[in-house]
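Novice: There's a structure below that I have some questions on.
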Amino acid sequence: MEWASWSDFWSMGGYGLYVWGSYGVTALCILIEILLLRRSAGDTRRRLKRMQQWEEQ
Amino acid sequence: MNLYTFASPVTFYHLAGKLIPWFTWSAILLTVVGLYLSFFVAPTDFQQSEAYRIIFIHVPAAWMSMFIYLVMAFWGAIGLAFNTRLSFMMARALAPTGAIFTFIALWTGAWWGKPMWGAWWVWDARLTSELILLFLYVGIIALWAAIDDIKRGDRAGALLTLIGAINIPIIYFSVKWWNTLHQGASISLTKAPSMAKIMLIGMLVMAIAAWFYTIAVALVRVRGIILERERQSEWVKEILERET
């Protein structure tokens, strides 16, 4: 363990901005991908369902 | 039941559905372990202090950006050669994740370069070829989006992917072929043997986590594509009946 305290951890030896800037944006990218994917998965199914009902009429 | 069974979209749709939770949970577990190793087990670097910890996402993301592209090129080649529908769908399902990892590799590289080199960006061979990779991903996705005819789009996209594959060895060997600011592949791992091992393990755990994540999201995406393309078939109608 390298850290004396939480503030020590967050400061990353003075490189906190760069380390957390990297990890933060990476986490954000992955979060956005998952959210968009979930939404489009639901959208596709609903749209196909509607098309199907339309064809049946 | 043989390997070709899985090349049929209906079988693969159900298989993918069963595999997704496994890959998702493995990715989550490995990410937690990988982050723990990256921040609480791996020691401070004697040259770069704590800034080097960016390596645990930078290197796995850069590996993924190249590897996903090669897998796409593989599926594109299989699709062109054997005209298998599922291959093209796999290529389409992988591209967005490949583009995201390329962006992450470039982004984390910039945030590592700034404190270490004093510059967010330099027109170095490694950085420039990786930027070209991002343009290739975006170009391939845009090409698919621009061509309404699915079969023509599939083939055009596969062709562009294969032509662009020449960029992958260029990225990989750029640090050898040219005198680059970007460090070579092995330097960071051989500085101090005692700490190199745990750094390497942390990096590998994060890389496997990235792999499982990619497989999970690509499978979710390919299932959507399968439903879309097979929407006229009875089995899709049954699934839509059940799931919505």
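Novice: From Cα pairs below 8 angstrom and at least 6 apart in sequence, can you work out the relative contact order of segment B:21-127, rounded to a whole percent? Walk me through the numbers on the way to the answer.
Specialist: Working: 72 pairs, mean separation 27.0, N = 107.
Relative CO of segment B:21-127 lands at 25 percent.
Novice: With 10 angstrom as the radius, rank B:Asp124, A:Asp43 by how many other C-beta atoms surround their C-beta, starting from the fewest.
Specialist: Working: B:Asp124 20, A:Asp43 11.
In increasing order of surrounding Cβ atoms, one gets A:Asp43, B:Asp124.
Novice: Note the angle between two axes, namely the Cα long axis of helix A:16-56 and the longest principal axis of the Cα atoms of chain A, as a number of degrees from 0 to 90, rounded to the nearest 10.
Specialist: That works out to roughly 10 degrees.
Novice: Right, something else. Find the relative contact order for chain B and round it to a whole percent, using C-alpha pairs within less than 8 Å whose residues are 6+ positions apart.
Specialist: Numbers: 266 pairs, mean separation 82.2, N = 244.
Result for chain B is 34 percent.
Novice: Straight-line reach only, C-alpha to C-alpha below 29 angstrom: list the lysines that B:Lys176 could link to, leaving out same-chain residues fewer than 8 apart.
Specialist: B:Lys114, B:Lys191, B:Lys197
Novice: Rounded to a whole number of µm²/s, how large is the Stokes-Einstein D of chain A at 20 °C and 1.002 mPa s, given Rh as the Kirkwood radius over C-alpha pairs? Before the final figure, lay out the partial values.
Specialist: Working: Rh = 14.9 Å.
Diffusion coefficient, whole number: 144 µm²/s.
Novice: Further, regarding this structure: Taking neighbour Cβ counts within 10 Å as the exposure measure, how do B:Phe135, B:Phe46 sort from fewest upward? Intermediate results must be reported in sequence, preceding the final value.
Specialist: On the way: B:Phe135 13, B:Phe46 10.
Ranking B:Phe135, B:Phe46 by Cβ neighbours within 10 Å, fewest first, gives B:Phe46, B:Phe135.
Novice: Average partner chain C-beta neighbours within 10 Å, per residue of A:29-38? All intermediate terms of the calculation are to be shown ahead of the outcome.
Specialist: Values: counts 6, 9, 0, 1, 7, 5, 0, 1, 8, 1.
Shielding by partners across A:29-38 averages 4.
Novice: Here's something else I'd like to know. Which of B:Ile55, B:Ile225, B:Ile150 ends up with the largest GNM mean-square fluctuation for chain B, with Cα atoms connected below 10 Å?
Specialist: Greatest mean-square fluctuation among the candidates belongs to B:Ile150.
Novice: Here's something else I'd like to know. Restricting things to Cα coordinates, could you compute the convex hull volume per residue of the protein assembly as shown in Å³?
Specialist: Numbers: hull volume 45.8 nm³, N = 301.
For the protein assembly as shown, the hull spanned by Cα atoms encloses 152 Å³ per residue.
Novice: Check the straight Cα-Cα distances from A:Lys49 and name the aspartates and glutamates below 20 Å, setting aside those fewer than 8 residues away within the same chain.
Specialist: The qualifying aspartates and glutamates are B:Glu228, B:Glu230, B:Glu234, B:Glu238, B:Glu241, B:Glu243.
Novice: What do you get for Rg/Rh of chain B when both radii come from the Cα atoms and Rh is the Kirkwood radius? Spell out each step's value before the answer.
Specialist: Numbers: Rg = 20.1 Å, Rh = 19.6 Å.
Radius of gyration over Kirkwood radius for chain B works out to 1.03.
Novice: Taking each full run of DSSP H in chain B as one helix, which ones are at least 15 Å long along their axis (Cα atoms) and have mean Kyte-Doolittle hydropathy of at least 0.5? List each step's numbers first, then the result.
Specialist: Working: long enough: B:9-36 (40 Å, 1.12); B:55-82 (40 Å, 1.80); B:85-117 (47 Å, 0.65); B:125-146 (31 Å, 1.75); B:150-164 (21 Å, 0.38); B:193-229 (53 Å, 1.44).
Length and hydropathy pass: B:9-36, B:55-82, B:85-117, B:125-146, B:193-229.
A short reminder: the numbers here are calculations on the coordinates, not readings from a lab. What you see is a predicted model; the values in this text were computed from it and never measured. No Cβ is skipped: glycine too gets one built from the backbone with ideal geometry, and neighbour counts run over all protein chains shown.
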